[in-house]
Amino acid sequence: MSLMGCSGTAPRTNAPQASESASASASASPSASASASATAGALTEPGADRRLGETATVEWTPKEGVDGELSITVDKLESTSYKQTFSGWKLDEATLARAPYFVRATIKNDGDTDLGGYDVPLWGLDDEGNLVEAAAFKEPFKPCAVKTFPKPFAPGASVDACLVMLVPDQGKLVGVSFRPYEEFDPITWQGDLTPYAAPKASGSPSASPTS
């Protein structure tokens, strides 16, 4: 199994390759437009700061003609290690130079549009102020699996999402940002890191590891 790729920072600077199989750079940053205005109902004002566990409600347009609204709660920032959670994965030197973290969030579709299949519109924020794109995988990554909204993701539906953030230069993940385009004043969540702990096995056959 191998890691597909991720970008180091976006949308300001080009980023090194995360693996030999794929490269990503500032061009991978969202091209969609979005807005979040304090004058539009219960939407959260751009530039708002949130603590972990708090919710922001935003308008989001993943592509032209698709207008959505999301309530986003960033629940937890988890620190981990390659030894702990990437056993069996083929990782190149560029990936190993990064520090792995997980971001867990609860996201509800508050609009009238099915948003199934689109990537969760969140970025990691490192201690240098750079945005970090969530990593992508060729195969399912069980410790942190939900980077993309399920199909369907209908109005009123909620999903527990998890994003893998590989911070360049062994940096530290300090927060999460909703910043759908470069000019948008980001909504940011910050809080303390929690060490990753593997879920306890339930004992049922369906919970047993598979090869």
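The values are calculated or read from the model by the stated rules, or taken from the named source; none is laboratory data. What you see is a predicted model, and the numbers here were worked out from it, not measured in a lab. Note: ideal-geometry Cβ built from the backbone for every residue, glycine included; neighbour counts use all protein chains shown. Ligands, DNA and RNA are excluded from the accessible area calculation, which covers all protein heavy atoms including side chains. Shrake-Rupley method; radii C 1.70, N 1.55, O 1.52, S 1.80 Å.
Quick rundown of the values:
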| item | result |
| --- | --- |
| Of all accessible heavy-atom area on the range 53-211, the percent that carbon and sulfur account for (1.4 Å) | 48 |
| Where a label projected 7 Å from the Cα of TRP89 along Cα→Cβ would reach, residues of the range 157-187 with amide N under 20 Å | 160-177 |
| The range 83-154: relative contact order as a whole-number percent, Cα under 8 Å and 6+ apart | 38 |
| Heavy-atom surface of the range 49-181, accessible at 1.4 Å and reported per residue (Å²) | 44 |
| Estimated inter-spin distance, TYR181 and ALA197, nm [label 7 Å along Cα→Cβ] | 4.3 |
| Mean separation of Cα contacts under 8 Å, 6 or more apart, over the residue count of the range 49-181: relative contact order % | 28 |
